[in-house]
Amino acid sequence: MWKMVYSYLPDWKVFLQGFIAFFVPFAISRFFKWARTLEEE
């Protein structure tokens with residue numbers, strides 16, 4: 001069962017690259033929103 005599921009999953013490096021590609025811009029935008037709210041106060 002798990003070997004079949006594992007064979008369909010891409011390499012963990014692909015997951016890591018995908019995670020970085022989505023998370024980094026998200027984190028940057030969140031940081032700038034947070035910095036702007038600090039400046040306004």
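Here are some conditions: (1) of a type outside the set (A, V, I, L, M, F, W, C); (2) in contact with a Pro (Cβ under 9 Å, 6 or more places away or on another chain); (3) exposed (fewer than 10 other Cβ atoms within 10 Å of the Cβ). GLY18 meets all but one. Which one does it not meet?
Here GLY18 meets the rest and fails (3).
Please specify each residue of the range 1-29 satisfying the condition of being at pLDDT 90 or above and among the aliphatic types (A, V, I, L, M).
ILE20, ALA21, VAL24, ALA27, ILE28
The values are calculated or read from the model by the stated rules, or taken from the named source; none is laboratory data. None of the values given here were measured: they were computed from a predicted structure. We place every Cβ from the backbone using ideal geometry, glycine too, and count neighbours over all the protein chains shown.
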